[in-house]
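The values are calculated or read from the model by the stated rules, or taken from the named source; none is laboratory data. What you are looking at is a predicted structure, and each value in this text was computed from that prediction instead of being measured. Cβ atoms come from the backbone with ideal geometry, glycine included; neighbour counts cover every protein chain shown. Ligands, DNA and RNA are excluded from the accessible area calculation, which covers all protein heavy atoms including side chains. Shrake-Rupley method; radii C 1.70, N 1.55, O 1.52, S 1.80 Å.
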Amino acid sequence: MRWTATDVAAATGGELRSGDAGTALEGLGTDSRRPVAGSWWVAVRAARDGHDFVADALRAGAGGLVLEAGHPATEALAGDPAPRAAVVAVADTLRALLDLGRAARARLVGPVVGITGSVGKTSTKDMLAAALAGRWRTAASEQSYNNELGVPLTLCNAAGDTEVAVVEMGTRGFGHIRLLCDLARPTIGVVTAVAAVHTELLGSLDGVFRAKCELPEALPPEGIAVLNADDQRVAAMAPVTRASVLRYSASGSAGADVVASAVALGEDLRPRFVLQSPWGEAQVCLAARGAHQVANALGAAAAALSCDTPLEVVVAGLESARTSRWRMEVASSRSGAVIVNDAYNSNPASLVAALRALASMPARRRVAVLGAMAELGPEGPHEHLAAAQVATQLGIELLAVGTTAYGVDPVAGGSVEPERVVEAIGAFAEGDAVLVKGSRVVGLERVAAALVET
């Protein structure tokens, strides 16, 4: 979307302190390390103060800046006789970003799909965006842009002619999804799962349930709640929404509207199934890997079909959709072993799914390189040991990295040293398969990269 200085000042209640009121720029950003040339840049105060990076943003080509009134950086630029960029001064830059998100949402005339869930929301978002793009001009969250920074950025950077927007919504506590719904005002909501994720912050599975309910609760009466019928807690959200309910199931749950039958997993971990729905049925072979992706595909299909996307277009999108990086990426090492890089994040549900995917592979040796699962609270020790037991039952060797939570001595002590992990695995070659998985804070993608080069 294009934003003039007048637009930005009006949306944020700010004041144009430098530059031309008619300055019109495409989109906006908050990270001076990402492409910002010709865009607005907002100096958000978060883990670090964005005002410390104003010079970097200008060097990167930002054409307009949203800064806090009274900040030395703001006053210095506002007094520049030869302004290098338009400057809008606001009371609070984070609130200004949220206000810009609301203004961007008001410009969108088509459906907005919100997606939440303890697991699967990013993959569902990726597949939904691909399924919609064959018929509609589609905007979608980048990577896992699912918080109070990412959602307004998604909305503000949507093209002016966007027909459908897909917004991922995460949570770190009660009220977070409600805030994101206030920004995005979704007309369709997809809930993928309620699992033991962020229980350190939400207290229990019941707490996760209450937090995820904030999406279906926010939908309008004319909206559609797309719920996973295979998850008991998600299915129980039907009474909390005013919207119509569309249910999906990968296991044939009673009452489901969009279901998968004849599910099979190929040696390449790509699932194949028959998609059955009120809009017809079709054979599907996903690009995404792992049997757990079938449910994500069904949620994406249900939402896309609800947007009047033809079935054949939906199927083509599902079959071509690539999930975001470090999610069940399959590569071959130099020695011929299969390396499954699922290092983006980890929680009990996704870890068990990944272990089962590894066990299904035709390999003579299977190894799981696992980092810690974060933010599980008091249930953390139990959940780690339970995952280790699943690995043992499936005949998978387990190597823990940087944690003793799995009940085995860790490789490389309390740090991630890719070379030591590779050494600990020992010789591996064609016919072997290695899974790499851990929470984002562990950073095991470096281990996966080292294994591919071995």
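Given the condition open to solvent by 30 Å² or more (accessible area, probe 1.4 Å), over 17 Å from P152 (Cβ atoms) and in contact (Cβ under 8 Å) with a residue 60 or more places away in the chain, answer yes or no: does some residue in the stretch 31-48 qualify? No. Of all residues in the stretch 49-66, those satisfying the criterion of being open to solvent by 50 Å² or more (accessible area, probe 1.4 Å) and in contact with a Ser or Thr (Cβ under 6 Å, 6 or more places away or on another chain) are F53, D56. Could you list, in sequence order, all residues of the stretch 108-149 that are among the small types (G, A, S), modelled with pLDDT under 95 and surrounded by fewer than 20 Cβ atoms within 10 Å (Cβ to Cβ)? Listed by number, the list holds a single entry, S144. Within the stretch 142-151, restricting attention to residues that are part of a loop (DSSP other than H, G, I, E, B) and of a type outside the set (S, T, N, Q), which residue is nearest to R325 (Cα to Cα)? By that ranking, first place goes to E142.
Counting only strands (runs of 3 or more DSSP E) that fall entirely inside the stretch 207-293 and contain at least 2 residues that are open to solvent by 20 Å² or more (accessible area, probe 1.4 Å), the qualifying elements are 244-249, 258-265, 271-277, 280-285.
Pairing each residue of the stretch 391-412 that is farther than 16 Å from L351 by Cα with any residue that is among the basic types (K, R) and open to solvent by 40 Å² or more (accessible area, probe 1.4 Å), provided the two are 6+ apart or on different chains, yields C-beta distances under 8 Å for V411/R420; A412/R420. If you go through the stretch 169-194 and pick out every residue that is among the hydrophobic types (A, V, I, L, M, F, W, C), under 19 Å from A300 (Cα atoms) and part of a loop (DSSP other than H, G, I, E, B), you end up with 3. Considering only the stretch 423-436, I want to know if a residue exists there that is part of a loop (DSSP other than H, G, I, E, B), in contact (Cβ under 8 Å) with a residue 12 or more places away in the chain, open to solvent by 40 Å² or more (accessible area, probe 1.4 Å) and acidic (D, E). Checking the stretch 423-436: at least one residue is part of a loop (DSSP other than H, G, I, E, B), in contact (Cβ under 8 Å) with a residue 12 or more places away in the chain, open to solvent by 40 Å² or more (accessible area, probe 1.4 Å) and acidic (D, E). From the list A316, A368, A337, pick out the single residue that is at pLDDT 95 or above, open to solvent by 50 Å² or more (accessible area, probe 1.4 Å) and of a type in the set (A, V, I, L, M). From the options A316, A368, A337, the qualifying one is A316. Within the stretch 76-107, being at pLDDT 95 or above, open to solvent by 20 Å² or more (accessible area, probe 1.4 Å) and of a type outside the set (D, E, K, R) holds for A91, L94, L98, A103, A106.
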